[in-house]
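K.L.:
Just passing along the structure, written as structure tokens.
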Amino acid sequence: IEEVEALPKMTTNSHQLYGSKAYLFHYQGKIHEAVPFFEKAAFVAEKTDKRNLQPVCNVGEIYGAVNRWKEAVGHLERCVAWGERAREVKERRAPALANLGVAYMRTGQYAKASAALKKSLTLHQTDQAIKNLHELQQYLEKQNKHDSSNPKDGQEAIK
């Protein structure tokens, strides 16, 4: 840890050092300890290597893993936008969109969740994305039966 924290300046490889430490903690099951290193990797990558914002995507995913969904949304939106600008291959953009859909769902943005999940499925179908969309649709159908306070948002998302 000391070597990583003592980096004298940011270089294009610095985010890889932070990312490596983050993954080490993550794979050891120490997710909360991994978060600051994922954050540092993303910060450095955005400052030094605009072509590789994968660390930003990683932060969005790790925020979701620790239930910091509002923060996850911002990082995952930047991740998806970066993937579209970089014309990332469809198979790599699809998981980012699916993760963004889940983050939207967890923050109550159901129409956006549905759109992101559906778009991810048009790029690359995965069982997890199908499951997430199905979960969202079931939740919205249940909400619409019990709560008519905002049926438009729920109905829009189900379509």
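Readers should treat all values here as calculations from the given coordinates under stated rules, not as data from a laboratory. Treat the numbers as computed from the prediction; the structure is a model and nothing was measured. Note: ideal-geometry Cβ built from the backbone for every residue, glycine included; neighbour counts use all protein chains shown.
K.L.:
Separation between the T107 and N67 pseudo-spin-labels, each 7 Å from Cα along Cα→Cβ, expressed in nm?
P.N.:
1.8
K.L.:
Using the per-residue mean of other Cβ atoms lying within 10 Å as a proxy for protection, in what order, highest first, do the peptides 28-36, 78-86 fall?
P.N.:
Numbers: 28-36: 14.0, 78-86: 17.7.
Highest-to-lowest ranking by the protection proxy: 78-86, 28-36.
K.L.:
Once R0 is set to 41 Å, what does the formula 1/(1 + (r/R0)^6) return for the Cβ-Cβ distance between K118 and E46, expressed as a FRET efficiency to the nearest 0.05? Walk me through the intermediate numbers first.
P.N.:
Numbers: r = 29 Å, r/R0 = 0.70.
E(calc), rounded to 0.05, equals 0.90.
K.L.:
Quick one: if you stick a label point 7 Å off each Cα along the C-beta vector at Q28 and Q143, how many nm between them?
P.N.:
Those two pseudo-labels are separated by 3.9 nm.
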